[in-house]
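Quick one: this structure, given as structure tokens, is what I'll be asking you about.
The values are calculated or read from the model by the stated rules, or taken from the named source; none is laboratory data. Please read all numbers here as calculations on a predicted model, not as lab measurements. Every residue, glycine among them, receives a Cβ derived from its backbone with ideal geometry; neighbour counts consider all protein chains shown.
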Amino acid sequence: MSSEPHIVVVGSANIDLTTFTDEFPRPGETIFGREFHLGFGGKGANQAVAPRLCGARVSMVAHVGDDLFGPATIQNFAARGIDTSHVQITKGVSSGVAPIFVDSAGQNRILVVKGANDALLPADVDAAADLLRTADCIVMQLEIPLETMYYTLRLAREHGIRTILNPAPGQMLDLEQLANADYVIPNETEAETLSGLPVTSLHEARACAVHLLRSGLRRVIVTLGANGALLASAETVEHILPYRVEAVDTTGAGDAFIGSFARFLAGGSSETEAIQRANVYAALSTLGIGTQSSFVTAERFAQAWAER
Ligand code: RIB
């Protein structure tokens, strides 16, 4: 495996406000939550931190707000050794924030207010074009304007750079344009939104992935939570088994999967092995609370991978 592949994330950065509770207030009611956790998050930022922890060189292309959170977010990237030369502070806009609610089964509900993430435009991608051309893999999600995501996919294809798109949060998308992505990686609900088909079982996930391939997508990986992942391409449809753990908080596990998958694939692992590794990395993240704060080091991953 190559020692330090270069991953560039064109995506979001949020501040996660996580409340642990099993109950929700009715209109006009005040109730007590169990616990609170403030942390750095955002699907883009999380998908940058995971490959960095797994030993990749990582650059971030993003916008943050000119509030308390913006400079702190940039400092967090820098402290983790992530290149921030293309992270900009947008004047007069709040940073992206995500109030998150986690129940005692470890399941999460997330509300995202995009704030400055909406200011990441194709002009920013042009400004980062020299950086993007050095990437082994570009990773994107949907917490930025769709036009920026489509634009980056086209640019990457023109230059032969591998791309991974995580279509999250789930939205209706132009599948013709998604054909520019090398990998589209939805979870079950995002796969439903993308395809219009139900995805409540492995059988349905398979049918959905095959439908998306027939619609022009190159490779689809449906992440199945505690059931592992399904890889579908012209060559194969393969169920990759999970790494089983007792989850405490599943928030960000999908991001841990995608970021680490990008690193393992760009580092030379086969698709199947990169997914097996990403399954382990994502499962380990569910043992801690928060998103980035729950992502493990390369050493912790290597230990679990060796012992599995
Ligand atoms: O995938 C988890 C992430 O979704 C959180 O960090 C939150 O910020 C939202 O973007």
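Do you know which residues across segment 193-217 are farther than 21 Å from N279 by Cα and touching a residue at least 24 places away in the same chain (Cβ under 8 Å)? Working first, answer last.
As a first pass, look at segment 193-217 and keep what is farther than 21 Å from N279 by Cα: 193-198, 207, 210-217.
Within segment 193-217, T193, L194, V210, L212, S215, G216, L217 meet the criteria.
Can you tell me which residues in segment 141-155 are within 20 Å of H63 (Cα to Cα) and away from the ligand (no atom under 13 Å from the Cβ)?
Here is the first cut: in segment 141-155, the residues within 20 Å of H63 (Cα to Cα) are 141-153, 155.
Across segment 141-155, the qualifying residues are P145, L146, E147, T148, M149, Y150, Y151, T152, L153, L155.
Let me ask another. Go through V210, V222 for me and flag whichever is of a type in the set (A, V, I, L, M, F, W, C) and either within 16 Å of the ligand (Cβ to nearest atom) or in contact with a Lys or Arg (Cβ under 9 Å, 6 or more places away or on another chain) (or both). Walk me through it before giving the result.
Values: V210 fails: either within 16 Å of the ligand (Cβ to nearest atom) or in contact with a Lys or Arg (Cβ under 9 Å, 6 or more places away or on another chain) (or both).
Just a single option satisfies the conditions, and that option is V222.
Okay, next question. Conditions: (1) modelled with pLDDT of 95 or more; (2) within 20 Å of the chain's Cα centre (by Cα). L155 meets all but one. Number of the miss?
Failing condition for L155: (2).
Show the residue pairs that are 6+ apart or on different chains and have beta-carbon atoms under 8 Å apart, the first residue being within segment 106-125 and aromatic (F, W, Y), the second being within 13 Å of the ligand (Cβ to nearest atom).
Correct list of pairs: empty, since none qualify.
Keeping to segment 12-22, report how many residues are within 16 Å of the ligand (Cβ to nearest atom) and either part of a loop (DSSP other than H, G, I, E, B) or out of contact with any strand residue (DSSP E or B) (no Cβ under 8 Å at 6 or more places or on another chain) (or both). Before you say what the answer is, go through the steps one by one.
At the first step, the residues of segment 12-22 found to be within 16 Å of the ligand (Cβ to nearest atom) are 12-20.
From what's left, either part of a loop (DSSP other than H, G, I, E, B) or out of contact with any strand residue (DSSP E or B) (no Cβ under 8 Å at 6 or more places or on another chain) (or both): 12-13.
Looking only at that region, the number is 2.
Quick one: which of A78, A48, A72 is surrounded by fewer than 19 Cβ atoms within 10 Å (Cβ to Cβ), assigned to a helix (DSSP H, G or I), modelled with pLDDT of 95 or more and within 16 Å of the ligand (Cβ to nearest atom)? Write out each step before concluding.
Details: A78 fails: within 16 Å of the ligand (Cβ to nearest atom); A48 fails: surrounded by fewer than 19 Cβ atoms within 10 Å (Cβ to Cβ).
On inspection, the qualifying residue turns out to be A72.
Can I ask one more? If a residue must be under 21 Å from the mean Cα position of the chain (by Cα) and not in a loop (DSSP other than H, G, I, E, B), how many such residues does segment 187-212 contain? It would help to see each step written out before you state the result.
Looking only at segment 187-212, we keep the residues that are under 21 Å from the mean Cα position of the chain (by Cα), and these are 187-195, 199, 205, 208-209, 212.
Keeping just the survivors that are not in a loop (DSSP other than H, G, I, E, B) gives 187-195, 205, 208-209, 212.
Here the count works out to 13.
Select, from V61, V9, V97, V87, the only residue that is more than 12 Å from the ligand (Cβ to nearest atom), closer than 19 Å to P169 by Cβ and either in a strand (DSSP E or B) or not β-branched (V, I, T) (or both). Show your work before the answer.
Working: V61 fails: closer than 19 Å to P169 by Cβ; V97 fails: more than 12 Å from the ligand (Cβ to nearest atom); V87 fails: closer than 19 Å to P169 by Cβ.
Within the list V61, V9, V97, V87, the selection yields V9.
For segment 155-168, give me each residue that is surrounded by 14 or more Cβ atoms within 10 Å (Cβ to Cβ) and not polar (S, T, N, Q). If you could, list the steps in order and put the result at the bottom.
Step one: of segment 155-168, the residues surrounded by 14 or more Cβ atoms within 10 Å (Cβ to Cβ) are 155-157, 161-168.
L155, A156, R157, I161, R162, I164, L165, P167, A168 - these are the residues of segment 155-168 that are surrounded by 14 or more Cβ atoms within 10 Å (Cβ to Cβ) and not polar (S, T, N, Q).
Let me ask you something else. Are any residues in segment 126-145 crowded, with 23+ Cβ neighbours inside 10 Å, in a loop (DSSP other than H, G, I, E, B) and not aliphatic (A, V, I, L, M), and if so, which ones?
Once the filter is applied, which keeps residues that are crowded, with 23+ Cβ neighbours inside 10 Å, in a loop (DSSP other than H, G, I, E, B) and not aliphatic (A, V, I, L, M), segment 126-145 yields Q141, E143.
Is segment 23-31 home to any residue that is within 16 Å of the ligand (Cβ to nearest atom) and modelled with pLDDT of 95 or more? Talk me through it step by step, then tell me what you get.
Kept after step one, since they are within 16 Å of the ligand (Cβ to nearest atom), are these residues of segment 23-31: none.
Taking every residue of segment 23-31 in turn, none turns out to be within 16 Å of the ligand (Cβ to nearest atom) and modelled with pLDDT of 95 or more.
Among A129, A168, which is the only one that is under 16 Å from the mean Cα position of the chain (by Cα), in contact (Cβ under 8 Å) with a residue 24 or more places away in the chain and farther than 18 Å from S233 by Cα? Before the answer, list the steps.
Details: A129 fails: under 16 Å from the mean Cα position of the chain (by Cα).
None of the other options fit; the residue is A168.
Identify, by number, the condition in (1) more than 17 Å from G44 (Cβ to Cβ); (2) part of a helix (DSSP H, G or I) that M172 doesn't meet.
All conditions are met except number (2).
Take residues that are surrounded by fewer than 17 Cβ atoms within 10 Å (Cβ to Cβ) and tell me which of the helices (runs of 4 or more DSSP H) falling wholly in segment 231-307 contain 3 or more. Outline the logic, then answer.
Working: elements: 253-266, 271-285, 298-307.
Where helices (runs of 4 or more DSSP H) fall fully within segment 231-307 and carry at least 3 residues being surrounded by fewer than 17 Cβ atoms within 10 Å (Cβ to Cβ), they are 298-307.
Please verify whether segment 29-39 includes one or more residues that are touching a strand residue (DSSP E or B) at 6+ places or on another chain (Cβ under 9 Å), touching a residue at least 24 places away in the same chain (Cβ under 8 Å) and under 20 Å from T148 (Cβ atoms).
no
Exactly one of these conditions fails for I110: (1) within 18 Å of S12 (Cβ to Cβ); (2) at pLDDT 95 or above. Give me its number.
(2)
If I filter segment 107-125 for residues that are within 12 Å of the ligand (Cβ to nearest atom), part of a helix (DSSP H, G or I) and crowded, with 19+ Cβ neighbours inside 10 Å, do I get at least one hit?
Taking segment 107-125 as the starting set, the residues that turn out to be within 12 Å of the ligand (Cβ to nearest atom) are 108-115, 117.
Still in the list and also part of a helix (DSSP H, G or I): 115, 117.
Subsequent filtering for residues that are crowded, with 19+ Cβ neighbours inside 10 Å retains 115, 117.
Scanning segment 107-125 turns up at least one residue that is within 12 Å of the ligand (Cβ to nearest atom), part of a helix (DSSP H, G or I) and crowded, with 19+ Cβ neighbours inside 10 Å.
On to the next question. Can you give me the number of residues within segment 137-159 that are among the charged types (D, E, K, R) and under 18 Å from L194 (Cα atoms)?
Going residue by residue through segment 137-159, those that are among the charged types (D, E, K, R) are 143, 147, 154, 157-158.
Keeping just the survivors that are under 18 Å from L194 (Cα atoms) gives 143, 147.
Matching residues across segment 137-159 total 2.
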